[in-house]
Amino acid sequence: MRNFSFFLFLAILGFGCKSETASNAAEVAKLINPMDGLSMTNKVYGQTPDGTAYLYTMKNKNGMEVSISNYGGIVTNIKTPDKNGVMADVVLGFDSLSGYLSSANPYFGGIIGRYGNRIAKGKFTLNGEAYKLATNDNTNHLHGGEKGFDKVMWNIKETKGGDAIGVELTYRSKDMEEGYPGNMNVKVIYLLNNSNEFLIRYEANSDKATICNLTNHTYFNLAGEGNGDILGHQLKIDGDWMTPVDKSLIPTGEMMAVKGTPFDFRLAKPIGQDIAANHPQLKYGNGYDHNYVIGDHGGKRVSIATAYEPNSGRHLEVLSEEPAVQFYSGNFLDGTIAGKNGHKYGFRTGFCLETQHYPDSPNHDKFPSTVLQPNELYKTSTVYKFSVR
């Protein structure tokens with residue numbers, strides 16, 4: 001079940017209220033009070049049709065850096081050391097804001113909402129009322145529509161949490177924005193600590209019943225962005241089942257055991273080992289673009305996946321409260337996108353591990369519910385933990 005709290009005061013206390021906006025921040029880089037080697041700078045990132053975008057960069061005592069823009073809540077950079085201490089940026093993206101504003105941007109690093117992944121034909125029914133969303137992925141709805149959360153301006157302010165430093169982003173999604181019912185207040189907190197853990201915490205509430213499935217769409221390459229494909233990465237996903245899809249990548253409503261199939265990542269193996277296997281699901285996705293069922297773990301954050309790049313020694317562990325994760329192997333990257341440092345992002349040069357509820361859940365009664373009722377608090381978190389070995 002979704003990790004909802006039924007205490008309305010949690011949704012009201014400090015949430016949906018006025019917050020410091022980026023427009024109040026200095027337009028030149030500034031250093032806030034360091035906390036045990038943790039520091040933050042911010043600067044003007046550029047202009048959008050909706051206002052000024054800023055870029056905030058968190059840094060820890062190990063030299064790890066994470067940069068976040070209030071445009072789309074985009075994770076623009078994650079710089080981490082390899083086994084020899086050499087730093088590299090391990091996420092795909094652009095050198096400047098203009099790239100993220102481009103229609104060619106395949107959701108690099110953005111906050112995805114209101115509904116991550118696909119909804120069949122852009123339709124769902126809630127409390128007997130039919131709703132129609134944009135069909136921005138052929139005949140289906142994808143990642144919140146034409147202007148999802150990855151394309152809006154968020155209020156942003158610096159924050160601290162325990163032994164971590166970060167930013168808090170807030171946004172009010174108005175009733176029927178992109179076709180979704182209810183005025184929804186959304187908060188996303190990004191935090192970095194000295195254990196090289198990058199945490200994303202999501203919260204939301206609505207004044208009407210609606211659907212909600214928030215995630216982040218960062219593309220990783222642990223060898224360093226622009227440094228070849230990701231087929232040699234050793235991936236492990238702690239899921240016995242996946243939700244098979246039709247030709248348009250919409251779940252059929254069934255469950256498929258991964259045992260004995262190319263989808264079995266219960267023991268770590270190279271992403272490329274079985275990606276070319278003769279399996280209809282791989283043909284539909286042109287590779288891996290599938291929802292793995294992790295299951296109900298009582299609202300606790302548990303380890304759900306790991307990735308390891310042997311040459312650099314970089315290791316990524318994903319921990320989440322969510323019941324599923326979408327593994328996407330960068331099948332739609334085709335070399336036409338000029339990314340950071342002029343790198344052309346070719347076929348399968350990045351992968352995503354998008355923690356989530358299931359795709360198209362509103363149209364499948366047997367899938368875990370993604371309905372957010374009035375007076376409920378949507379609350380979930382994911383951690384991306386970096387290390388070397």
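Here are the numbers for the structure shown:
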| read-out | value |
| --- | --- |
| Volume per residue of the C-alpha convex hull in the chain, rounded to whole Å³ | 129 Å³ |
| The stretch 231-288 shape via C-alpha gyration tensor axes, a/c threshold 1.5 | oblate |
| Paramagnetic reach from Ser39 (point 7 Å along Cα→Cβ, amide N under 11 Å) across the stretch 63-91 | 63 |
| Three-way shape call for the stretch 132-248 based on the alpha-carbon gyration tensor, with the a/c threshold at 1.5 | oblate |
| Relative contact order, percent, the chain [alpha-carbon distance under 8 Å, six or more residues apart] | 19 percent |
| Backbone N within the stretch 110-138 under 12 Å of label point (7 Å from Lys366 Cα along the Cβ vector) | none |
| Simple spin-label estimate for Glu254 and Val86 in nanometres, 7 Å along Cα-Cβ | 4.7 nm |
| Rg/Rh ratio calculated on Cα atoms of the stretch 280-387 (Kirkwood radius) | 1.03 |
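Just so you know, all these numbers are worked out from the coordinates, no wet-lab data involved. This is a predicted model, so every value here is computed, not measured. Note that we place each Cβ from the backbone using ideal geometry, even for glycine, and neighbour counts take in every protein chain shown.
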